[in-house]
1. Grab the DSSP H runs of the chain that are 4 residues or longer, score each as -39,500 (n - 2.57), total them, divide by all residues and round the 222 nm result to the nearest 500 deg cm²/dmol.
2. What does the net charge come to around Asp61 if you take all other residues with beta carbon closer than 11 Å to its beta carbon, with K and R at +1 and D and E at -1?
3. Restricting things to alpha carbons, tell me how big segment 7-91 is in terms of Rg and Dmax, in Å.
4. Express the relative contact order of segment 7-91 as a whole percentage, based on alpha carbon pairs under 8 Å and six or more residues apart in sequence.
5. What is the magnitude of the charge dipole of the chain about its Cα centre, with +1 placed on the Cβ of each Lys and Arg, -1 on the Cβ of each Asp and Glu, and no other charges, expressed in debye to the nearest 20?
6. Using the Cα centre of the chain as origin and beta-carbon charges of +1 (Lys, Arg) and -1 (Asp, Glu), tell me which of Leu65, Val47, Gly92 is placed farthest towards the positive end of the dipole.
7. Please give the FRET efficiency for Thr69 paired with Glu8, using the beta carbon to beta carbon distance and R0 = 35 Å, rounded to the nearest 0.05.
8. Go ahead and set up a Gaussian network model of the chain, Cα springs under 10 Å, then flag whichever of Ser84, Ser17, Ser75 fluctuates most.
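Each value in this text was obtained by applying a stated rule to the coordinates, not by laboratory testing. For clarity, every value in this text was computed on a predicted model and none was experimentally measured. Cβ atoms come from the backbone with ideal geometry, glycine included; neighbour counts cover every protein chain shown.
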Amino acid sequence: MTGRLDREVERAAAKASRERRARTVRPGWWVYSPAFVGWSWRQVTKVSLFGDHERLQVRLDLVDLAGKTSYVKTSANAPAWCVSPSVAERVGLVAGERRR
């Protein structure tokens, strides 16, 4: 993985992404996530649910294109803009360049 995506790949990923509830995201999927330097695409490595039945929370463990790990904790019903592994490969998130 490289540190930065090409703009064409970012646009293709944004166009292909779908809004889903955070609890439906699975490991291997890619989510559009906040970072210290702005928003970026990060791959989900682990999904953990916690909390009681009324306030279910989710923790998404993530890795960015440079290999740095991070996590996001949010409500299980919060929106998450994401793409599946097959879509991520098609638009170039995995390889870093878009397939034609």
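1. Here the helix-only value at 222 nm equals -4500 deg cm²/dmol.
2. Residues close to Asp61 contribute a combined charge of +4.
3. Final numbers for Rg and Dmax: 12.6, 42 Å.
4. About 36 percent, as a whole number.
5. Around 200 debye, computed over the chain.
6. With unit charges placed on the Cβ atoms, the residue in question is Gly92.
7. With R0 = 35 Å, the Cβ-Cβ based efficiency is 0.85.
8. Among Ser84, Ser17, Ser75, the largest GNM mean-square fluctuation belongs to Ser75.
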